[in-house]
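Q: Supplied in structure tokens, the structure appears directly below.
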Amino acid sequence: MMKVLMLNGSFNPDGSTNAGLEIMAKTFAAEGVDSEIVTVGAKPVADCIACGKCKDLGRCVFAGDAVNEFAAKAKDAEGFVFGTPVYYAHPSGRVLSFLDRLFFSSRLADNYAAFRHKPVASIVVARRAGTSAAYDVMNKYAGIAQMLCVGSTYWNDFHALVKDDVPHDGEGVQTLQNLARNMVYVMKCIKAGREAGIVPPVADDSVITNFVR
Ligand SMILES: Cc1cc2nc3c(=O)[nH]c(=O)nc-3n(C[C@H](O)[C@H](O)[C@H](O)COP(=O)(O)O)c2cc1C
């Protein structure tokens, strides 16, 4: 069975972000796709310290949170959803620390092997404003890791102060359900392509230039 691995970037395992992910999980289940939610949690999440140890270890050097658990599960996932509440018009600080370490360690360990050429969508929830700014930030991980960013019938946002508000945002709920179906469609296309012998391209990835040398 195909599987989507989802991340709840709130401290709250049972808040609005989780409610949005659960809506998607229900749609995935109706489409015959398995899903799992990993929650960032309320404990402090270390930021990336650029130690580079992930290159030798094959995982992030910090072991006290769910980053390495998520990375291990990512290998067997066909798609991803990254969810976050909006804080001051950006994603939660903890989800950014989480994703920075997840993606940087994945890059140094094996050039994003668990993520590249797989579909991903970010979803963001706010009481009122800041969703599109937060959405922009969340989507930037996809672009650098050769992931396929999936859209819906609106930018992937919904509105709630608390989880009980979520069902009242009818358009938000539809956006999440349509997004889940679009993800399933992309995952099925990739699977069918692989079975027909269409394999992902090998990237030119040996030249590194920056602005001073
Ligand atoms: C520190 C903080 C900052 C917030 N900033 C915003 C904001 O900029 N715009 C907004 O509409 N809601 C803001 N909110 C409200 C949350 O986005 C909203 O309550 C959301 O549903 C929480 O999701 P959760 O239950 O998954 O944590 C903020 C909440 C907190 C705690």
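Q: What FRET efficiency would be calculated for the residue pair residue 29, residue 208, taking the C-beta separation as r and a Förster radius of 35 Å, to the nearest 0.05?
A: In this case the efficiency is close to 0.25.
Q: Using mean Cβ contacts within 10 Å as the protection proxy, how do 190-196, 57-63 order, highest first?
A: 57-63, 190-196
Q: Pick out which of 30, 46, 121 has the largest mean-square fluctuation in a Gaussian network model of the chain, springs linking Cα atoms closer than 10 Å.
A: 30
Q: Tell me the accessible surface of residue 16 in square angstrom (1.4 angstrom probe, heavy atoms of protein chains only), to the nearest ten.
A: About 20 Å², rounded to the nearest 10.
Q: Using the Cα centre of the chain as origin and beta-carbon charges of +1 (Lys, Arg) and -1 (Asp, Glu), tell me which of 42, 182, 212 is placed farthest towards the positive end of the dipole.
A: It is 212, whose Cα lies furthest towards the positive end.
Q: How would 153, 84 rank on accessible area, largest to smallest, probe 1.4 Å?
A: These residues rank, largest area first, as 153, 84.
Q: Taking 0.36 nm per residue of sequence separation and subtracting the Cα-Cα distance, how much length would be gained by fully extending the chain between residue 104 and residue 73, in nm to one decimal?
A: The residue 104-residue 73 span can extend by a further 9.5 nm.
Q: Modelled label-to-label distance, residue 49 and residue 173, 7 Å Cα→beta-carbon offset: nm?
A: Output for this residue pair reads 4.6 nm.
Q: Kindly report the accessible area of the chain per residue (heavy atoms of protein chains, probe 1.4 Å, no ligands, DNA or RNA), in Å².
A: Spelled out: the 1.4 Å probe surface of the chain, per residue, equals 53 Å².
Q: On to the next question. What does the highest-first list of 198-204, 136-142 look like by mean Cβ count within 10 Å?
A: Per-residue mean Cβ counts within 10 Å order the peptides as 136-142, 198-204.
Q: So for the pair residue 127, residue 165, with labels modelled 7 Å out along Cα→Cβ, what separation do we get in nm?
A: Spacing of the two 7 Å Cα→Cβ label points: 0.7 nm.
Q: Under a cut-off of 29 Å between alpha-carbon atoms, report the lysines in cross-link reach of residue 55, not counting same-chain residues fewer than 8 places apart.
A: 3, 43, 73, 75, 118, 140
Q: Okay, moving on. Quick one: putting +1 on the C-beta of Lys and Arg, -1 on the C-beta of Asp and Glu, what dipole do you get for the chain around its Cα centre, in Debye to the nearest 20?
A: Computed about the Cα centre, the dipole is about 440 debye.
Q: Here's another thing I want to ask about it. Give me the distance between the Cα centres of the stretch 10-80 and the stretch 135-166, rounded to whole Å.
A: After rounding, the separation between the Cα centres reads 15 Å.
Q: Can you list the residues of the stretch 107-142 with backbone N under 20 Å from a point 7 Å past the Cα of residue 188, pointing along Cα to Cβ?
A: Within reach of a label on residue 188: 118-121.
Q: Under 15 Å from a point 7 Å along the Cα-to-Cβ line of residue 61: which residues of the stretch 87-116 have their amide N that close?
A: 101-102, 104-106, 108-109
The values are calculated or read from the model by the stated rules, or taken from the named source; none is laboratory data. Please read all numbers here as calculations on a predicted model, not as lab measurements. A quick note on method: Cβ atoms are made from the backbone with ideal geometry, for glycine too, and the neighbour counts reach across all protein chains shown. For the accessible areas, the whole protein counts, side chains as well, though only heavy atoms, and no ligand, DNA or RNA atoms are used. Shrake-Rupley method; radii C 1.70, N 1.55, O 1.52, S 1.80 Å.
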